[in-house]
1. What does the charge count near ASP163 come to, summing +1 for each Lys or Arg and -1 for each Asp or Glu among other residues with Cβ under 11 Å from its Cβ?
2. What are the ³J(HN,Hα) couplings of the range 129-137, residue after residue, when phi is run through the Karplus curve with 6.51, -1.76, 1.60 and θ = phi - 60°? Round to Hz, x for glycine and proline.
3. How big is D, in µm² s⁻¹, for the range 1-103 by Stokes-Einstein at 37 °C and 0.692 mPa s if Rh is the Kirkwood radius over C-alpha pairs?
4. Using modelled backbone amide H atoms (1.01 Å from N, in-plane), which distant-in-sequence or interchain residues come within less than 5 Å of SER377's amide H?
5. For a quick check: with amide H placed at 1.01 Å from N, whose amide H comes under 5 Å from LYS30's, ignoring anything fewer than 5 positions away on the same chain?
6. Would you grab the residues whose amide H sits under 5 Å from the one on GLN362? Only those 5+ places off in sequence or on another chain, please, with H modelled 1.01 Å from N.
7. Extension gain GLU304-LYS319, at 0.36 nm per residue separation less the Cα-Cα distance, in nm?
8. Once you've got the Cα coordinates, tell me which of LYS273/LYS415; LYS138/LYS355; LYS324/LYS368 are over 32 Å apart.
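None of the figures in this text is laboratory data; all of them are computed from the coordinates on show. This is a predicted model, so every value here is computed, not measured. No Cβ is skipped: glycine too gets one built from the backbone with ideal geometry, and neighbour counts run over all protein chains shown.
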Amino acid sequence: MIYNDYIACNICNTCINLRIQMDTRKIPFKFNCPSCEMEISGEILFQPYNVIVNNARLVEEPEQIMDQYCLELSSFFTVLKMNKRENIDIEGPFLRKMGTYQNSRDLQEDIDSKVFFAQNCQNNKFLERINYYRLFLKRQDEHLFPVLKKEISQYSSQTPIKDIKNRFDALCATHQLLFSFTGLFKLFGGTVYQLFSDIWTEILDSKHTENIVEYAEYINPRLDNEEFRGLQLLEEFSNIYDVILPVIQNEDLEVISLNSEEGLSQDYYDSLKHFYAHSYEWILDNINIVIALNNIFSRGSYRECINGKDYLSDLENIKSKIKKIDFLEESGRFSPKTESIKNRIRNAVQHFNTKIDYNEQQVIFIDKYGDREREESISLYEFSKMCSENLFLIIYLFELMYSLRKLFFINRGLKTTANIEMEKKIYEMRADNEFVRNNPRINKKIGRNEKCPCGSGRKYKKCCGK
């Protein structure tokens, strides 16, 4: 359901139609007045509904609505950028996206899974689970074990962990509570579960297990510090999730391309910038793990890199982190996509001055040196997408670290109450469930009295089915 409100700029009185996709979560916004370029910001609140606006004021609907400036706002979907109305708008962000699926899905379930993670961020459950992981890394077993035992008992049908008797149990519990039971994994669909199940199978059952154990013993002393840093990144991500959510949703729906007229309702560029810069550094610091595993599966030793290079003397002593990408085999068994690690953008983020065109949704980086001036630009959507891709790389590296830690414990003779094979089957079951859900529907009709799949909470007949 779309609700129309109208505001007028306090400086030039230009009227702007806010076309709001009704939701339950607030929608912060920021843009420049299309006439005088005054920055206008505010937020849309729901339950009860309210519009808070700075440098503008709410006004009545004008008699003539044609040729009015329009701006769509949605917390969940991409929206049309500022534009002048040329015809009467019928579709909003929700209905427009329903026509862009390559695979038709149960949209309500998809929305629920994304909102579930958002709720866990808002009610601090996600941060609580991060702190459990920090207690594990700090060896606070006396305090952590009773808490984990109580938490795991709530998921007895969804986890292979039966008790918390040692640090192996605690590792499995903290990992599942943080990544699975907060909904973090589900942000990237069921293929994530299958990917991680396959990784653990190959690490545990391959002919290279002895060599992987050797590497697990070598890298284990560094993992605590790196995971501490990674947890801080996950906490940072929870603060920018709202702005990245439409990007994750768009990519999850397998939208072929983003309409050039579309963008994002919300702007947290400073927060995005910090997350991207910090995650970029962390990923490059830990991409060594991927390189080592590729080396083992391709050449039988973690030390034997491509091009005759050595892991210890060449890779670990490299001066420029971005050069590590040269050690990453494109077709390597464990190589993820690394498009988001673009040195050009990273340098601009870190070192250039920045200005933002909110109406065109462009971030412009300006490098001034003497009389020379150079510009780089990227859309807010693409930059948010790079942050989303970095999040996936963080999760992927955490999963590799998790596998190496489990192998380290197994090699030390530590036993877990968790059934490792059952853990693998649970991953596969979740992947299968997602696969079934993601298969095409046969134009399932929404009943008029059913809950509207846009997430407003209203009946379909009183919302998007009007």
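1. +2
2. Taking θ as phi minus 60°, the curve returns 5, 4, 5, 4, 5, 5, 5, 4, 5 Hz for the range 129-137.
3. The Stokes-Einstein estimate is 232 µm²/s.
4. It is PHE365, by chain and number.
5. The answer is ASP267.
6. Amide H neighbours of GLN362: ASP357, LEU380.
7. Here the segment from GLU304 to LYS319 would lengthen by 3.5 nm.
8. LYS273/LYS415; LYS138/LYS355
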